[in-house]
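> Could you have a look at this structure, given as structure tokens, before my questions?
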Amino acid sequence: MAVAIVRAVEAVSSVVLGKEEQIRLAVACMIARGHLLIEDLPGMGKTTLAHALAKVFSLDYRRVQFTSDMLPADILGVSVFDPERREFHLRQGPVFTQLLLADEINRATPKTQGALLEAMEERQVTLDGETRTLPEPFFVIATQNPITQAGTFPLPESQLDRFLMRISLGYPSAETERELLAGSDRRDQALSMKPVLGVAELMQSMAQVEKVHASPDLIDYIQRLMAHSRNSGLFTAGLSPRAGLGLLRAARAWALLAGNDYVTPEDVQVVLGPVTAHRLQGSAGGGPESSTRQLLESVPVVRRH
Amino acid sequence: MARLYQVPHHAFMWLLLAVLMATLPHLMRAPGWMMVVVPVLLCWRFLVQRGRLRMPGKIIRATLMVVAVLATLYSYGTLLGPEAGVALLVVAFALKTLEMFRLRDAYVVIILACFVLATTFLFNRDPLTTVYVGVVLVLVMAALVGINHAQSGASSWGHLRLGGALVLQALPLMMVLFVLVPRFPPLWNMQLNPERARTGMSDSMAPGEISNLSRSAEPAFRVEFEGEVPPPALRYWRGLTYSWFDGRRWSQAAPQHTARLEYVRFPDEATPPWYASLLSARGEPEWRYRVIMERTGRQWLYALSVPFTDKSGVGVARDKRLVSRFEIDSTFDYRVESYRFPVAVEGLEEWERQLNVSLPSSGNLRTRRLAEQWHQEAGSDRAFIDRLLRWFNEEPFFYTLEPPLLAEDTVDDFIFRSRRGFCEHYSSAFAFMLRAAGIPARIVAGYQGGELNRLGNHLMVRQYDAHVWVEAWLPAQGWVEFDPTAAVAPSRVEFGLDQALSDFGEQAGGFGANLRRNPLFSRLSHMTDYMDFVWSKWVLGYNQDSQFEILSRLLGQVNPQRIAVALVLAGGGVVLLVLGWVLWRSRTPGLSWWQKEHGRMLRLLNNRGVPLTQGTSPQGMVDAVAVSYPSAARLLQDWQRCYEHMAYRRPGQDPELLRRQLVLLRRKAAVAMRGAPRLMDKEA
Amino acid sequence: MKALRRRIRSLYQRWLQHRIPPSRRVQLGQRNIFIFPTGYGFLFLLIAALLFVAGINYENNLLLGFSFLLVSIFLMAILHTFRNLAGVVLIAGDLRPGFVGARGALEVRVQGGSYPHRSLTLHWPGSPAEDVSVEPGREESVWLSVNLTRRGREHPGRLRIDSRYPLGLLRTWSMIDLDSRCIAWPKPLPGGECPGTGGDDDSGRQAQDQGSEDFDGLRNYVAGDSLRSVDWKSYARGRGLNTKQFTDPAEGRLWLTWESLTGHDPEIRYSKLCYWVLELDREHRPYGLILPDSQLDPASGAAHRERALELLALSGGG
């Protein structure tokens, strides 16, 4: 099973060049049943990545470009009156899909953001008192410009918490850049990609993630990471229990991608940055990356006493 | 017998060691054949475990048992009695180890080991033996833990640790029980060893016997004084008197037709007149003390004149000494009050007078004549005695541990020829001369002196303090003690045997005595003596009386209810304390062995200068070593894989195997890194 | 007499039910642990008593002390034996179904606390026991076999966990209901007509190549896959053995139906269906299943077989 997933990673890599690590993280995030936030400047290939992921897993997907004039109903759907049948029926919004690309989510108003994030968490939507569950699986891949950009509404921390991971792509290397310039349009390539994995297989790997063995020693390590984030004073606020669960889930997914049926501390260390960086604020200033590195360096992997 | 029970290999060594050590003290006392047979049987068992030999069949085992019974019968002449019984038990026990076919048998071996171990105390009671027994019990418990832990991966040292912890945790409760559980008198009388060796003073004395005893430094008894300690010159410990002389040997004697009550009276008996007069003449006691006596196998006890005690089973004899109703078979302690009577309070019965002037009808004629002559010249008994003592003092008499052998007329030969003798020679000659002059006289046997131990403020009296002196009946004063040896060698009384002998250019028995003169050794021996004293007094001598004493001090009043309450409270308290300690210990989880092993590896790498942070994962360690010590990288990688198996993978691999591999790989890595130069990481 | 015993037993069961209610996860503690000396423990105490008498009679304080020490060790052993079980967490785990009359297995996960728990014996009444030791902070998984007597979910009764560690002087035990149930497939009953509808003919002799219609993709070769469906071309290119997968349209496939087995006892019907499921699976032929209360769309493969067997086991409220 893991082999098929690895093939998916390879397929995406052939479109999004030179970003293997980020792609693996994104796939890990998906099979860990997590939502993904891609944060970067415009034009770095965020959307391409999202498209490629949707294609490769042959997911039913929709794309929504968020704007500041968007209303919650534009995402969730709306009840409309059908004059012929003389009754209301729900016109489902774009959220009723397996993979939702929420482009530039921080351009929308907090209200709209809130509506989406609630749907992400509950995996269901309530309209006019009627609750409808979202399809299974359901992923949101949101992209976001760095908050310094004009005309944006930064996501509040409580909502950032709903994304399992945040990754950023960064500038391509010189070599990749050359390759990009020489090749055809990447987004078109992404849109014409062949699926590598069926939905069933994706679901199956999601089930497998849960069976990846996390030994008590490893759980202990994660617990000490959590405790240190709360007690060390490195951060203004420590990691939430939800973050801890997410970290374990992401580490499991990462281990599965590596072809293992057990989690090692390396798996935790790899996913710690993407899982926690957007939830932590370093108390001594400095970027979130350096804070998480500090966290990793100060917590012993194996208990000393 | 479908499948033989195999003692788990991690428990077997403890089991065998426990069996061997439990039998060892018995083997040291046992007849020669046992010292061969038992180790051979245990070796056999060892080889069985190793798969080199098979367990013996039924017939061989039965034969061996029969042979063992016969051999025991041959060696001891009986199968009953503690010595033979224990010997048989030990052999049967060793044989039983060759009959472990089921788990049950292993259990039986363990319980037998406890039993054999306990019987050690029938024969040895010193602190060292006790510690030894404790250690072996730990091994027995380790073996028991082992056979209850069937998994193959268990660790032997873990068993030993747990066994030790169990015994240690049980100790406080044991002490509570020891102090509080009421002591009963024996349920039925068990004579331990009817023909056991007797030590100390014997009931008769011939020349050379006391000097023999004086070569031994074994403790005889210890005395703990309440209040003042008498000066050396007054430390005459009376044991018994010898009234009958056959020309060579002095013996304890009483005329045939006197009733026992005429000369010994036990506590619960009617009061004979002589005892009544002694009782009525008592004033304030001169000395109060407690004697803790080693076992002697004899009935007489030692005390200063004139002793009274309220110890049950101990009577007072007419010749002013204490007598036990039974032979002293174990450490025995009794409190004594000694009184001084300035005048004769007890009369001299006619039979007593006759006994104490009697002499053999013939022999030693020169001495008899000399005595009669001097007695006439002196005019009074007292003057005669003084002259004799002066004479001993002035004539060239020598005090020696090695007197020459005496001819048939021992007294004549001693006085007129050899003039070299020990206390028995002087006392014998002195008493003989008094009797020859018609003065009732007898020899008192006991100990003189004793070394004061400042640590315990007690006197230690050893066998080499053995002494005999003389007492004579003077009508006005009653029985008066004289010490002719003191006349010859005054330092014997003041400073002890060593000093007295060296005054005469002689040294007491070789190495031991030399050591005794070394101040460091004497300090050390004072300490061990003190320990022995405490041991005898509080452990061996803790009996109904001392228990009553302590309990009344602790509880105010001794009755079953109070003892029960105290037992429950103290026992419960101790158990709760141990419980609390155990719970507190296990509150914070200890490191598992692989976590400790990881710590060791981390220290090793740190010592070798491999750059690591707190958060370096095992994989990170491998990477760092690959940069610094490429030659050790492979080992580290294997190590990391084993570690991962133990710490992060689903359980599956044999933990013991992994553990051994981890340790081995770490050691190899240490060796590999020792030789190699460290390469610096470019970034570091 | 018998009635009385039964009554006592049912009272005991009720009391147990109340004291240790069923749960998928049970932590052992004071509430659900019992402890009592073993025969060996009594023998040990007897030896201590003998030594006590000997000590009194020989007036030997060291013998007395030894006997007190044995008693104290016994008392400490109570603590240690109890502790060996206390804190253990038992969690109902996975299950391995089996056919009626054979054995299935249930997984019990045993978690330790902060100190080791050694030589724990677990078993269900009437089934063989398994030994397990748990190091601190570790989890061990034990598969315990269960005798399957009836189709459906088999409740093996209360799990018995006991231990004599460390000294064997006392036995401590607990009887917990992990609320775990094994699944008993019906015992396959060979013979008879294939109870199928659909397909090319009723006897089930169908085209051998499975679902030739739509090529669906490749998956790793699994032992048992038909060699015909191996993608030999890709094998020749050195990509390893892969099996071509085809999606079978539901129409025209074989349906095994409960209805077609009229005139049989329900259990026998399930047994016959079971036989045919196994038979068709052996031939790698797709089949579907229609039971009174459930339905399984036609497919083939190991996962499908498991699913089918499970439906057969659980149908009819089993």
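> Using a cut-off of 12 Å between beta-carbons, work out the net charge of the residues near A:Ala277 (Lys and Arg +1, Asp and Glu -1, A:Ala277 not included).
Numbers: positive: A:Arg166, A:Arg279, A:Arg293; negative: A:Glu39, A:Glu289.
Around A:Ala277, the surrounding residues sum to +1.
> Quick one, what does Rg over Rh come out to for region A:10-68 if you take C-alpha atoms and the Kirkwood Rh? Mind showing how you got there, number by number?
Working: Rg = 11.5 Å, Rh = 12.2 Å.
Computed over Cα atoms, the ratio is 0.94.
> Using 0.36 nm per residue of separation minus the Cα-Cα distance, give me the extension gain between B:Thr129 and B:Asp105 in nm, one decimal.
Numbers: separation 24, 0.36 × 24 = 8.64 nm, distance 2.79 nm.
Using 0.36 nm per residue and subtracting the Cα-Cα distance, I get 5.9 nm.
> Only helical DSSP H runs with n ≥ 4 go in: add -39500 (n - 2.57) per run for chain A, normalise by residue count and round the 222 nm mean residue ellipticity to 500 deg cm²/dmol. Walk me through the numbers on the way to the answer.
Values: 13 runs with 143 residues, N = 305.
Per the formula, -14000 deg cm²/dmol.
> Can you work out the Karplus-derived ³J(HN,Hα) for every residue in region B:328-335? Use 6.51 cos²θ - 1.76 cosθ + 1.60 with θ = phi - 60°, whole Hz, and x for glycine or proline.
Going residue by residue, I get 7, 9, 9, 3, 9, 10, 8, 9 Hz, with x marking Gly and Pro.
> On to the next question. Only four residue types carry charge here, +1 at the Cβ of Lys and Arg and -1 at the Cβ of Asp and Glu. Report the dipole size of the protein assembly as shown about the Cα centre in Debye, rounded to the nearest 20.
Values: 145 positive and 130 negative charges, 233 e Å.
The dipole of the protein assembly as shown has a size of about 1120 debye.
> Can you give the local net charge around B:Val145? Use residues other than it whose beta-carbon is closer than 15 angstrom to its beta-carbon, Lys and Arg +1, Asp and Glu -1.
Details: positive: B:Arg161, C:Arg83, C:Arg118, C:Arg164; negative: none.
Charge balance near B:Val145 sits at +4.
> For B:Lys537, which lysines qualify as cross-link partners when the Cα separation must be under 30 Å and same-chain residues fewer than eight apart are set aside?
B:Lys537 reaches B:Lys311, B:Lys320.
> Considering only DSSP beta bridges where both residues belong to the protein assembly as shown, give the percentage that are antiparallel (nearest 5).
Working: 114 of 140 bridges.
Here the antiparallel bridges make up roughly 80 percent for the protein assembly as shown.
> Then there is this: Taking 7 Å along the Cα-to-C-beta vector as the label spot, tell me the B:Ala217-B:Trp157 distance in nanometres, rounded to one decimal.
About 4.0 nm separates the two model spin labels.
> Still on this structure, I have one more. Please check: in the Gaussian network model of chain A (C-alpha springs, under 10 Å), which one of A:Ala190, A:Ala142, A:Ala182 has the largest mean-square fluctuation.
A:Ala182
> Let me ask you something else. Using all C-alpha to C-alpha distances in region B:278-426, build P(r) with 5 Å bins and read off the rounded percent in each one.
2, 7, 12, 13, 13, 14, 16, 14, 9, 2, 0
> Also: Where does region A:2-204 land on Rg(C-alpha)/(2.2 N^0.38 Å)? All intermediate terms of the calculation are to be shown ahead of the outcome.
Numbers: Rg = 17.6 Å, N = 203, 2.2 N^0.38 = 16.6 Å.
The reported ratio for this selection is 1.06.
> Sticking with this one: Pairs A:Lys211/C:Lys272; A:Lys19/B:Lys668; A:Lys19/A:Lys211: which exceed 30 Å Cα-Cα?
The answer is A:Lys211/C:Lys272; A:Lys19/B:Lys668.
> Continuing with this model, one more query. Which longest uninterrupted range of chain A lacks any trypsin sites (Lys or Arg not before Pro) assigned by DSSP to a loop state (not H, G, I, E or B) and surrounded by at most 10 other Cβ atoms within 10 Å? Present the calculation step by step, with values, prior to reporting the outcome.
Values: sites that count: A:Arg85, A:Arg86.
Longest site-free region, per DSSP loop and neighbour criteria: A:87-305.
> Dividing the convex hull volume of the alpha carbon atoms of region A:212-298 by its residue count, what do you get in Å³ per residue?
Working: hull volume 6.7 nm³, N = 87.
Once divided by residue count, the hull of region A:212-298 is 77 Å³.
> Given a Förster radius of 30 Å and the C-beta distance between C:Asp297 and A:Asp128 as r, what FRET efficiency does 1/(1 + (r/R0)^6) yield to the nearest 0.05? If you can, show how the numbers build up before the last one.
Working: r = 35 Å, r/R0 = 1.16.
The pair C:Asp297/A:Asp128 has a calculated efficiency of 0.30.
> I'd like the per residue volume of the convex hull spanned by the Cα atoms of region B:593-675, given in cubic angstrom.
Roughly 77 Å³ of hull volume per residue.
> As an exercise, identify the trypsin sites (Lys or Arg not before Pro) in region B:263-347 lying in DSSP coil whose Cβ has no more than 15 other Cβ atoms within 10 Å. Show your work: numbers first, answer last.
Details: sites: B:Arg265, B:Arg282, B:Arg288, B:Arg290, B:Arg295, B:Arg298, B:Lys311, B:Arg318, B:Lys320, B:Arg321, B:Arg325, B:Arg335, B:Arg340; in loops: B:Arg282, B:Arg295, B:Arg298, B:Lys311, B:Arg318, B:Lys320, B:Arg325, B:Arg340.
Sites meeting the loop and neighbour criteria: B:Arg282, B:Arg325, B:Arg340.
> Please quote Rg/Rh for the protein assembly as shown to two decimal places, taking the Kirkwood radius as Rh and restricting both calculations to Cα atoms. Provide the component values of the computation, followed by the final result.
Details: Rg = 47.9 Å, Rh = 40.6 Å.
Radius of gyration over Kirkwood radius for the protein assembly as shown works out to 1.18.
> Here is a follow-up. Taking the Cα centre of the protein assembly as shown as the origin and placing charges on Cβ (Lys, Arg +1; Asp, Glu -1), which of B:Leu80, C:Pro190, A:Ser229 is farthest toward the positive end of the dipole?
C:Pro190
> With the calculation restricted to Cα positions, what are the radius of gyration and Dmax of region B:9-149 in angstrom?
Every Cα atom of region B:9-149 included, Rg and Dmax give 14.6, 44 Å.
> Report the local net charge at B:Pro272: Lys and Arg +1, Asp and Glu -1, summed over other residues whose C-beta lies under 12 Å from its C-beta.
Working: positive: B:Arg260, B:Arg265, B:Arg318; negative: B:Glu262, B:Glu269, B:Glu346, B:Glu349.
Spelling it out: positives minus negatives among the neighbours equals -1.
> Each label point is 7 Å from the Cα along the Cα-to-Cβ direction; what then is the distance between the points at C:Arg307 and B:Glu372, in nm?
13.7 nm
> Something else about it: Can you tell me the FRET efficiency between A:Leu71 and C:Leu11 if r is taken as the Cβ-Cβ distance and R0 is 60 Å, rounded to the nearest 0.05? Walk me through the numbers on the way to the answer.
Working: r = 66 Å, r/R0 = 1.11.
E(calc), rounded to 0.05, equals 0.35.
> Let me ask something else about it. How about A:Lys46: which aspartates and glutamates have a C-alpha closer than 18 Å to its C-alpha, ignoring those fewer than 8 places off in the same chain?
The qualifying aspartates and glutamates are A:Glu10, A:Glu20, A:Glu21, A:Asp103, A:Glu104, A:Glu177, A:Glu179, A:Asp185, A:Asp188.
> Near the amide H of B:His458, under 5 Å away, which other amide H atoms are found, from residues 5 or more places off or on another chain, if H is placed in the peptide plane?
B:Asn453
> Now for a different question. Run the quick spin-label model on B:Phe548 and B:Ser277: label points 7 Å from Cα toward the beta carbon, then report their separation in nm to one decimal.
According to this spin-label approximation, the distance is 3.2 nm.
Any read-out appearing in this document is the output of simple, stated calculations on the displayed coordinates, not a laboratory observation. Keep in mind it's a predicted model, so treat the numbers as computed, not measured. We place every Cβ from the backbone using ideal geometry, glycine too, and count neighbours over all the protein chains shown.
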